[in-house]
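One structure is given here, and the rest of the page talks about it.
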Amino acid sequence: MNDKKLRTLLVCGVCPGQSEAAELVSTCKSLGRDGVYGAAKKGKILPFAAKTLTELGLDTDFWNGVLSQYRQRNCAIVSLLDRAYEALEQTGVKKMFVSENFGALLSAGGDLALFASSDVDNYAPIEEKEKIYAAMERLGWRKQERFAGKRQIAAEFFPSDDRLPQNFYFSVDFYPLARLKLPCFIDGDRFVDWNGLTRYRDTHIALAPREALTYICLMHTSLHSFCRAPDTRLYVDLRNLETLRPDCDVIARWCRRDGTCVRAAVAAELSNRLMGTRYPPILTEGGNRAVRLVSRVYDADTGCLANEPGGLEILKIDMMCDDVSDGRGLKKMLFPDRAWMASVYGGSGVSAHLRHFRRMI
C-alpha cells in the first residue's frame, strides 16, 4: 500500500467488513506504531488516523490517548470561542459564525477530537469589523490583518492560552471565500440567512444554517483545487454536513445563480467517492466539464485524490471550474471585474493589470 492510499484510508476510515481493512491492518502492523504515527503526523491527520485505528482494534490504548489529547485541545478551543462570541454579542456583532471545517464539525455534533487544524475560520461581513475589533481588544487577543493588495480580506486573532499550540489563531474572513489573488465568487449576503444562525449547544458560538455552510464547504474544497493540502481532510467537512441532510435543491439553485455548478459537482462527487456520502445528482451532475475535472483531480485506479498539483496545474484546474468554458475561466482570472481591481491595485488600467498578471504568475 503506497503512502497516499494509507493516508486516504486513515482519514476516510474503513469498516472491518471492507476489503481494504485487512490490507490497512497489515500495512500498519508492518510499519509499526512509530511508522504510522510519523506518516499521520506528516499528513496532519493524527486524530483521524487514531479514530480509524481504534475502530479497527489496533493498539487502542495508545491511539485513544492521541484522541484524548486532541479532544482536550479542542475543548479548550470551544471554551475560548465561547468567550469570544459572548464578547462579540456584547459589542453588538450580529453577523458572524464559525465557518469551514470547525463549523462543519460543531454543526454536525461530531467528536471534538476530530479537528487537527492550527486555526479556526469564522465569517463576518466587513461592516462588522470595528465591533469585532472592539470585542477582541477587550479580550486582549493580539490582532494581525491580512490583505490582498490594498484590500483587507481577513483578520487573525491570537489568544494567549497555554492549552493551545503556539501561534494558534482565530481568523475572521470578511468575504466567505477570501482569495489573495482573485475575487471571491460568492456573496455571503445572497445565501446566508442571518436570522437563521443557531448556537452550538449551551454556548454563545454562532453556527450558520446547514445549507449555507454546505455551500461554503463545497466552494472551499474547490479553492484547494480539490486535491491540494489538506486534500482528503476537506471531504470530512462534507461528510459531517451531509449528516444534517441539507436541502440540496436550494444549494443547486445558488450554484446556478452564481455560476458555481461545476465546482459544487466535483466536490460533491468526490465526497461521495471518498467518504461514501450520498449527495444527490442535482449537485453531482455538472455535465462534461465536471466529469473532465473529476478525472483530473481523482485517481480512479487507487481510489485516492491525485497528487498535489503545481503552479500552472492549479491555474488550469481553476480555469476548468468555470461553468461555460476554459477560455472564459482564463479570462475571468486574467481580467477580474473593475471594482475588485480598483480595491486591490488602486485602479483598473494597464499598469494595474500588469501587476495582476505578475501576481498570478
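The values are calculated or read from the model by the stated rules, or taken from the named source; none is laboratory data. Keep in mind that this is a model prediction, so the values were computed, not measured. These accessible areas exclude ligands, DNA and RNA; they are computed on the full protein's heavy atoms, side chains included. Shrake-Rupley method; radii C 1.70, N 1.55, O 1.52, S 1.80 Å.
Summary of values
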{"item": "Centre separation in Å (Cα based) which lies between region 19-74 and region 220-288", "result": "27 Å"}
{"item": "Cα extents of region 1-89 along the three principal axes, largest first (Å)", "result": "51, 25, 21"}
{"item": "Eligible aspartates and glutamates near Lys150 by straight Cα distance, threshold 20 Å, same-chain separation 8 or greater", "result": "Glu127, Glu128, Glu130, Asp173, Asp187, Asp337"}
{"item": "Accessible area of Met1 in the full protein assembly, 1.4 Å probe (Å², nearest 10)", "result": "70 Å²"}
{"item": "Percentage relative contact order, region 95-142, counting C-alpha pairs under 8 Å, at least six apart", "result": "42 percent"}
{"item": "Tail fraction, Cα-Cα pairs, the chain, threshold 28 Å, whole percent", "result": "47 percent"}
{"item": "Spatially proximal lysines relative to Lys42 (Cα-Cα < 16 Å; intrachain offsets below 8 disregarded)", "result": "Lys4, Lys5"}
{"item": "Gyration tensor over alpha-carbon atoms, region 40-123, equivalent ellipsoid semi-axes in Å", "result": "30, 12, 10"}
{"item": "Under-5 Å amide H pairs with Ala154, H placed in peptide plane, nonlocal only", "result": "Arg146, Phe174"}
{"item": "Equivalent ellipsoid semi-axes, region 229-361, via Cα gyration tensor eigenvalues times 5, rooted, Å", "result": "30, 18, 13"}
{"item": "Cα convex hull volume per residue for region 169-218 (Å³)", "result": "106 Å³"}
{"item": "Taking N as its residue count, the alpha carbon Rg of region 161-317 over 2.2 N^0.38 Å", "result": "1.08"}
{"item": "Across Lys41/Lys95; Lys51/Lys181; Lys44/Lys181, pairs whose alpha-carbon gap is larger than 29 Å", "result": "Lys41/Lys95; Lys51/Lys181"}
